[in-house]
1. Can you give the helix-only mean residue ellipticity at 222 nm for the chain, where every DSSP H stretch with n ≥ 4 adds -39500 (n - 2.57) and the sum goes over all residues, rounded to the nearest 500 deg cm²/dmol?
2. Rank-order 106-112, 92-98, 205-211 by packing density, defined as the average count of other C-beta atoms within 10 Å over each peptide's residues, highest first.
3. Given the Cα atoms of segment 7-46, and with Rh set as the inverse mean 1/r over their pairs in the Kirkwood sense, what is Rg to Rh to two decimals?
4. Counting every Cα pair in segment 99-214, what percent are over 17 Å apart?
5. Specify the residue with the greatest mean-square fluctuation among Ile21, Ile69, Ile143, computed from a Gaussian network of the chain linking alpha-carbon atoms under 10 Å apart.
6. For the chain, set up a Gaussian network in which alpha carbons nearer than 10 Å are linked by springs, and say which option among Ser165, Ser67, Ser44 fluctuates the most.
7. Rounded to two decimals, what is Rg over Rh for the chain when you use alpha-carbon atoms and the Kirkwood radius?
8. At a 1.4 Å probe, what is the % contribution of carbon and sulfur to the accessible area of the chain?
Amino acid sequence: EEAPSLIEPNRDLAAVIEQAIQLRPEIKRAIQRGKIAAVQKRVSEHELMPALNLIFNTYVSALQGDSDILGAWGEQFTGSTPGYGVGFEFNTPYYRRAARSANKRQQYFLDQVRHEIDQTVNNIVAEAQIAWREVDSAYQTVISAAEAIRAARTDLLQNEARWNSFALVEGDFSDGQNPTTLLDQLLDAQQRLSNAELTYSQSLLEFKRSEVELKRATGE
């Protein structure tokens, strides 16, 4: 019911590649993995550093001699003495072997994720380039097929005119022309036009398919 539109494709390959990098979900997922790996790497680096903590606590005491546990328990609510404590806690890993191993493992993982990001970007750029070239090639094929239709239609009109005016044109018989020959030429011209139209339809279909593939390659 609706003929496919024939719009000249975008000639700017750089813009097509930029769009693919911005919109393809594979790149977004790879970058997100890279961010997580970078955070884990920073966490492993902090584990290599000494830790200095400020400690503050409060308490109540109601101690009783002679193992008077019940008395101490009761007086903590009535005759207890409040107290508090403040101090520092310094901790440094001995040899830091576990922390160094974890840090090295996170560095390897981060390098691997970076390589995956580069590989993903390269693959997507290659897909966009190939899809762009296929669209451009398919468009040129459609234009050539349309020119072939025009040429075949012109040839058909000429053969139809010769067929319709055969008996009125002098020299046809002297040139070796006869109705059978003209009819064969007319039928051949009709067949060439039919083939040209079929080729145009197929090339237009391939052009629309290549457009869809380009939209997929660019994430659109």
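1. Values: 5 runs with 147 residues, N = 220.
Calculated at 222 nm, the ellipticity per residue is -24000 deg cm²/dmol.
2. On the way: 106-112: 15.3, 92-98: 10.3, 205-211: 17.4.
Ranked from most to least packed, the peptides come out as 205-211, 106-112, 92-98.
3. Values: Rg = 16.6 Å, Rh = 12.5 Å.
Looking at segment 7-46, the ratio lands at 1.33.
4. Values: 4747 of 6670 pairs.
Beyond 17 Å sits 71 percent of the P(r) for segment 99-214.
5. Top of the fluctuation ranking is Ile69.
6. Looking only at Ser165, Ser67, Ser44, the largest GNM fluctuation is found for Ser67.
7. Numbers: Rg = 42.1 Å, Rh = 26.5 Å.
That ratio is 1.59, to two decimals.
8. Values: 8640 of 15700 Å².
Here carbon and sulfur together make up 55 percent of the probe-accessible area.
The values are calculated or read from the model by the stated rules, or taken from the named source; none is laboratory data. Note that the structure is predicted; figures quoted are calculated from it, not measured. FYI the Cβ positions are ideal-geometry reconstructions off the backbone, even for glycines, and counts take in every protein chain you see. What goes into the accessible areas is simple: the full protein's heavy atoms, side chains included, and nothing from ligands, DNA or RNA. Shrake-Rupley method; radii C 1.70, N 1.55, O 1.52, S 1.80 Å.
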